[in-house]
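The numbers here are math on the coordinates, done by the rules we state, and not lab data. This is a predicted model, so every value here is computed, not measured. Every residue, glycine as well, gets a Cβ built from its backbone with ideal geometry; the counts of neighbours run over all protein chains shown.
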Amino acid sequence: MEKTAGPYTPIVRSGDWIIVSGQVGHLDGVIVEGGLEPELRQLFVNLKRLLASENATLDNVLKTTVFLTDINDYDQMNEIYMEEFGGHRPARSAVAVASLPLGAIIEIEAWARI
């Protein structure tokens, strides 16, 4: 199991449900540089890897929560988010927060069902 930034499990399965803890755009425990786009793209790499560990994909995701340190990044986040999810549109909440672990500017948690 991967090392986490705190005392939690990155992914938990309960029956048909898969809950993925908030993911940030880190590579080997360090946030990728370059702003929202590279950070969000790495976040999706991490999210897809965790889902794959339970034989799931983004198509299985039913709900996400997006945390942004700058709500002005909302439109750019939406563009990349829609690209990653394709035609699939999970239910979603998006909230602005003061800060995130590891100095991230975006975090996404996901609930999926097989």
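Per-residue Cβ neighbour counts within 10 Å put 33, 107 in the sequence 33, 107, beginning with the fewest. The sum of -39500 (n - 2.57) across all DSSP H runs of n ≥ 4, divided by the residue count of the chain, sets its helix-only mean residue ellipticity at 222 nm to -8500 deg cm²/dmol. Taking a ≥ b ≥ c as the square roots of the eigenvalues of the Cα gyration tensor, the chain is classed as oblate, since a/c reaches at least 1.5 and a/b does not exceed b/c. Springs join every pair of Cα atoms under 10 Å in this Gaussian network model of the chain, and among 78, 60, 46 the largest mean-square fluctuation is at 78.
Compute the separation of the alpha-carbon centres of segment 78-114 and segment 24-50 and state it in Å as a whole number. Answer, in whole Å: 12. By other beta-carbon atoms within 10 Å, ranking 108, 19 with the fewest at the front produces 19, 108. Near residue 94, once Lys and Arg are set to +1 and Asp and Glu to -1 for all other residues with Cβ below 14 Å from its Cβ, the sum equals -3. Within segment 11-113, antiparallel bridges make up roughly 75 percent of the DSSP beta bridges whose residues both belong there.
As a calculated quantity, the FRET efficiency between residue 97 and residue 55 at R0 = 41 Å, using C-beta atoms, amounts to about 0.85. As a proxy for reagent exposure, 12, 95, 24, 32 were ordered by neighbouring Cβ count within 10 angstrom, fewest first; the result is 95, 12, 32, 24. Computed from point charges on the beta carbon alone (+1 for Lys and Arg, -1 for Asp and Glu), the dipole magnitude for the chain about its Cα centre is near 480 Debye.
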